[in-house]
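Here is the structure we will look at.
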Amino acid sequence: MGVSILNIAIDVDNTITETKPLLKEYCKKYNDEVVKRNLKPNPDGFAVKNLYDWTTDEKQYFIDNIIEEVFDKVKIKRDSKEIIDKLIKENHKIFILTARAIKNAYEVTEKSLKKNKINYHKLAIEKDKKTYCIDNNIDILIDDEEQNIMSVSTLIPVIVLNADHNKDCNGKNIIKADNWNEIYKIINNLGGKQWY
């Protein structure tokens with residue numbers, strides 16, 4: 001029996017891209033030069049919502065005026081492009097699925113993916129990834145954020161790229177990986193199994 005053709009949804013930030021290190025740099029600069037309230041970074045933070053104890057307005061200013069530059073300059077993770085291309089060549093369908101909550105999220109993400117030569121079949125901006133996975137018959141999600149991992153893994157396998165912010169995510173359908181080559185091996189192992 002050959003490997004099944006899979007619908008694979010892939011998150012962008014900290015999954016395809018190395019967003020966290022660059023985001024931390026930009027947040028520190030904004031915190032030191034604009035916010036100027038002597039706030040210390042949250043050691044467990046990984047996104048604008050939780051890196052610093054900024055006010056809602058301070059977070060919104062960063063999202064409206066600065067974060068697009070982060071997304072434009074971000075580098076991709078090692079082997080991510082090559083493995084995604086390999087999956088496409090093997091006829092799997094790739095859905096890029098991000099919950100980026102910024103203005104022009106689709107255009108900004110599309111531009112970044114194009115700049116980094118990331119190929120895919122469909123791009124979606126969706127906060128509720130579980131519903132998206134149901135509606136689009138997704139077989140596997142690759143993600144790094146705890147709320148997505150815990151929610152979607154109640155339905156289908158979620159491959160988790162190991163990070164400090166998801167180290168406590170464990171359970172049924174949660175499969176950890178350290179890099180994109182491991183992700184590829186996991187997908188090949190899952191492809192022959194029936195999950196529904």
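With n ≥ 4 as the cut-off for DSSP H runs, can you work out [θ] at 222 nm for the chain, using -39500 (n - 2.57) per run divided by the number of residues, rounded to the nearest 500? Walk me through the numbers before you get to the answer.
Working: 9 runs with 80 residues, N = 196.
So the helix-based figure for the chain works out to -11500 deg cm²/dmol.
Taking segment 120-196, which trypsin sites (Lys or Arg not before Pro) meet the DSSP loop condition and have no more than 14 other C-beta atoms within 10 Å? It would help to have the intermediate numbers written out before the result.
Working: sites: Lys122, Lys127, Lys129, Lys130, Lys167, Lys172, Lys176, Lys185, Lys193; in loops: Lys127, Lys167, Lys172, Lys193.
When the trypsin sites (Lys or Arg not before Pro) of segment 120-196 are filtered for loop state and at most 14 Cβ neighbours within 10 Å, Lys127, Lys167, Lys172, Lys193 remain.
So what J values fall out for segment 143-156 if you push phi through Karplus, 6.51 cos²θ - 1.76 cosθ + 1.60 with θ = phi - 60°, rounded to Hz, Gly and Pro as x?
Each residue's phi maps through the Karplus curve to give 8, 10, 8, 3, 4, 6, 4, 5, 6, 6, 5, 6, 10, 9 Hz.
What is the distance in Å between the Cα centroid of segment 1-77 and that of segment 100-145?
16
Starting with the fewest neighbours, write out Ile96, Ile102 ranked by other beta-carbon atoms found within 10 Å of each beta-carbon.
Final ranking by Cβ density, sparse to dense: Ile102, Ile96.
What fraction of the DSSP beta bridges in the chain is antiparallel, stated in percent and rounded to the nearest 5? Mind dumping the intermediate values first?
Numbers: 1 of 20 bridges.
Bridges in the chain are about 5 percent antiparallel.
Enumerate the amide H contacts of Tyr120 below 5 Å, restricted to partners 5 or more residues apart or on another chain; note that Pro and chain-start residues carry no placed amide H.
Here the answer is none, since no amide H 5 or more places off falls under 5 Å of that of Tyr120.
In terms of modelled amide H atoms, which long-range or inter-chain residues lie less than 5 Å from the amide H of Thr17?
For Thr17, the qualifying residues are Lys77.
Plugging the Kirkwood radius over Cα pairs into Stokes-Einstein for segment 62-152, at a temperature of 4 °C and a viscosity of 1.567 mPa s, what D comes out in µm²/s? All intermediate terms of the calculation are to be shown ahead of the outcome.
Working: Rh = 14.2 Å.
Calculated translational D: 91 µm²/s.
Summing +1 for each Lys or Arg and -1 for each Asp or Glu, what net charge is found among the other residues whose Cβ lies under 11 Å from the Cβ of Thr154?
Numbers: positive: Lys130, Lys172; negative: none.
Within the 11 Å Cβ shell, the charges total +2.
(i) 46, 38, 29; (ii) 61, 34, 29; (iii) 56, 44, 29: which one is Cα extents along the principal axes in Å as calculated from this entry?
(ii)
Read-outs throughout are calculated quantities, based only on the coordinates presented, and are distinct from any laboratory measurement. Model, not experiment: these values are computed from the prediction. All Cβ positions, glycine included, derive from the backbone under ideal geometry; neighbour counts span all protein chains shown.
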